[in-house]
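J.: Sharing a structure below in structure tokens format, with a few things to ask.
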Amino acid sequence: MLVGDVGGPEDAPLVLLMHGGGQTRHSWAGAMRSLVGAGYRVVNLDARGHGESEWSPTRAYTIHDRIKDIHAVVDGCGTPYALVGASMGGLSSIHAVGEGLSPSAIILVDIVPDMEPKGVERIVGFMIAHHGGFASLEEAADAVAAYYPERPRPKDPGGLMKNLRRRDDGRLYWHWDPVMFGVEDPSAFHEPLQRSTLTLGERPEVPVLVVRGKLSDIVSDASIASFQAKVPHAETVDVSGAGHMVAGDKNDAFNAAVIGFLARHMPLGG
């Protein structure tokens, strides 16, 4: 079972928000408010194995499983729809188009297929470093601050509880299923992703926007150049002062870029 938030008029164009690995739907809270305020129908999901969505007893965490979840939302919706995906959610969007999905627009949030290896290593290292949990909320906040020193450490770390769960041993654990790592061989994942990217490049009727955090260590100028060579119709927006967590770092600038792009390619009443 997937858990999500839904808002906006039922007959309006649909925007599906898909967060990155290790996040929850709460990372889109500001974006969802702005999109609903602009008049769009919005579905904001906790990905399978994340947040309040169920953990899979059969380790069903492959890219194909995530594409099934996209279809569960958009198939039969009866309106134009756009996919907005950060990191894992963005790669899932590319794969979905490679397998035949036809959204009115795709917005990739600080993600392209040719990622910077050091940035990927840093993220994966953080996600697998705390399987033993945290003794306190402050300890979890310290771990986040060490991982993301560019973002000011909040005076009240209470908001982190949206991303944590307390287990029977009394310790706090990240709100995602750790068995997701190791389900797919990264080397086996790369080639299908490249094929899907080339397919996306052959479909100019699917507008593509990459919103990059200018401080990102995941998406570089070289990453963007490689992606645009394969998807020539892709547009890019750089958000200054933002890292990989673009929407959380500079929410107003992010929202403006997304809503402006959708207004051109998936207008209300269009």
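J.: If you check Gly76 against the conditions, is it surrounded by fewer than 21 Cβ atoms within 10 Å (Cβ to Cβ) and either under 19 Å from His175 (Cβ atoms) or not hydrophobic (A, V, I, L, M, F, W, C) (or both)?
T.: When the stated conditions are applied, Gly76 passes them.
J.: Give the residues of region 141-160 that are under 21 Å from Ala29 (Cα atoms), touching a His at 6+ places or on another chain (Cβ under 9 Å) and at pLDDT 85 or above, sorted by residue number.
T.: If the condition is that a residue be under 21 Å from Ala29 (Cα atoms), touching a His at 6+ places or on another chain (Cβ under 9 Å) and at pLDDT 85 or above, then Gly159 is the only one that fits.
J.: Further question: In region 84-150, which helices (runs of 4 or more DSSP H) lie fully inside it and hold 1 or more residues that are buried (at least 21 other Cβ atoms within 10 Å of the Cβ)?
T.: Of the helices (runs of 4 or more DSSP H) lying wholly inside region 84-150, those with at least 1 residues that are buried (at least 21 other Cβ atoms within 10 Å of the Cβ) span 88-98, 137-147.
J.: One residue is enough: does region 259-270 have a residue meeting the conditions at pLDDT below 90 and either over 18 Å from the mean Cα position of the chain (by Cα) or not aliphatic (A, V, I, L, M) (or both)?
T.: So far as region 259-270 goes, yes, one or more of its residues are at pLDDT below 90 and either over 18 Å from the mean Cα position of the chain (by Cα) or not aliphatic (A, V, I, L, M) (or both).
J.: It is to be established whether one or more residues within region 180-198 are among the aliphatic types (A, V, I, L, M) and in contact with a strand residue (DSSP E or B) (Cβ under 7 Å, 6 or more places away or on another chain). Even if it seems obvious, please write down each step before you answer.
T.: Within region 180-198, the first condition is being among the aliphatic types (A, V, I, L, M), and the residues that meet it are 180, 183, 188, 193, 198.
Pick out the ones that are also in contact with a strand residue (DSSP E or B) (Cβ under 7 Å, 6 or more places away or on another chain) and you get none.
No; the residues of region 180-198 include none that is among the aliphatic types (A, V, I, L, M) and in contact with a strand residue (DSSP E or B) (Cβ under 7 Å, 6 or more places away or on another chain).
J.: Going by what's in this entry, would Gly51 be described as touching a residue at least 60 places away in the same chain (Cβ under 8 Å), touching a Ser or Thr at 6+ places or on another chain (Cβ under 7 Å) and not polar (S, T, N, Q)?
T.: Yes.
J.: Out of region 36-83, which residues are in a loop (DSSP other than H, G, I, E, B) and closer than 22 Å to Asp110 by Cβ? So that I can check it myself, show each step before the final result.
T.: Taking region 36-83 first, the residues in a loop (DSSP other than H, G, I, E, B) are 39-40, 46-49, 51-62, 75-80.
Those that are in a loop (DSSP other than H, G, I, E, B) and closer than 22 Å to Asp110 by Cβ: Tyr40, Asp46, Ala47, Arg48, Gly49, Gly51, Tyr61.
J.: Limited to region 151-168, what total is found for residues that are more than 22 Å from the chain's Cα centre (by Cα) and either within 22 Å of Ser53 (Cα to Cα) or surrounded by 12 or more Cβ atoms within 10 Å (Cβ to Cβ) (or both)?
T.: 7
J.: Right, here's the next one. Name the one entry in Ser196, Ser226 that is touching an Asp or Glu at 6+ places or on another chain (Cβ under 6 Å) and in contact (Cβ under 8 Å) with a residue 40 or more places away in the chain.
T.: The unique qualifying residue is Ser226.
J.: Hey, another quick one. The conditions are (1) touching an Asp or Glu at 6+ places or on another chain (Cβ under 9 Å); (2) surrounded by fewer than 16 Cβ atoms within 10 Å (Cβ to Cβ); (3) not β-branched (Val, Ile, Thr), and Glu202 fails exactly one of them. Which is it?
T.: Of (1) touching an Asp or Glu at 6+ places or on another chain (Cβ under 9 Å); (2) surrounded by fewer than 16 Cβ atoms within 10 Å (Cβ to Cβ); (3) not β-branched (Val, Ile, Thr), only one is false for Glu202: (1).
J.: Still on this structure, please answer the following. Before we move on, is Leu17 at pLDDT 95 or above, in contact with a Phe, Trp or Tyr (Cβ under 6 Å, 6 or more places away or on another chain) and not in a loop (DSSP other than H, G, I, E, B)?
T.: When the stated conditions are applied, Leu17 passes them.
J.: Considering (1) surrounded by fewer than 18 Cβ atoms within 10 Å (Cβ to Cβ); (2) farther than 30 Å from Arg165 by Cα; (3) modelled with pLDDT of 95 or more, say which one Lys68 fails and leave the rest.
T.: If we test Lys68 against (1) surrounded by fewer than 18 Cβ atoms within 10 Å (Cβ to Cβ); (2) farther than 30 Å from Arg165 by Cα; (3) modelled with pLDDT of 95 or more, just (2) comes out false.
J.: Quick check on my filter: what residues within region 237-252 are buried (at least 17 other Cβ atoms within 10 Å of the Cβ) and either at pLDDT 95 or above or not in a helix (DSSP H, G or I) (or both)?
T.: Val237, Asp238, Val239, Ala242, Gly243, His244, Met245, Lys250
J.: State which residue is surrounded by the fewest Cβ atoms within 10 Å (Cβ to Cβ) when the search covers only region 22-46 and only residues that are farther than 24 Å from Gly78 by Cβ and among the small types (Gly, Ala, Ser).
T.: Gly30
J.: Please find, among Asp156, Asp169, Asp221, Asp177, the residue that is out of contact with any helix residue (DSSP H, G or I) (no Cβ under 9 Å at 6 or more places or on another chain) and within 23 Å of Asp46 (Cα to Cα).
T.: Criteria check complete, one pass: Asp177.
J.: Could you say which residue among Asp142, Asp221 is of a type in the set (Asp, Glu), without any contact (Cβ under 8 Å) to a residue 24 or more places away in the chain and touching a Lys or Arg at 6+ places or on another chain (Cβ under 9 Å)?
T.: Exactly one of Asp142, Asp221 is of a type in the set (Asp, Glu), without any contact (Cβ under 8 Å) to a residue 24 or more places away in the chain and touching a Lys or Arg at 6+ places or on another chain (Cβ under 9 Å), namely Asp142.
The values are calculated or read from the model by the stated rules, or taken from the named source; none is laboratory data. In this text the structure is predicted, and so the values were computed from the model without any measurement. We place every Cβ from the backbone using ideal geometry, glycine too, and count neighbours over all the protein chains shown.
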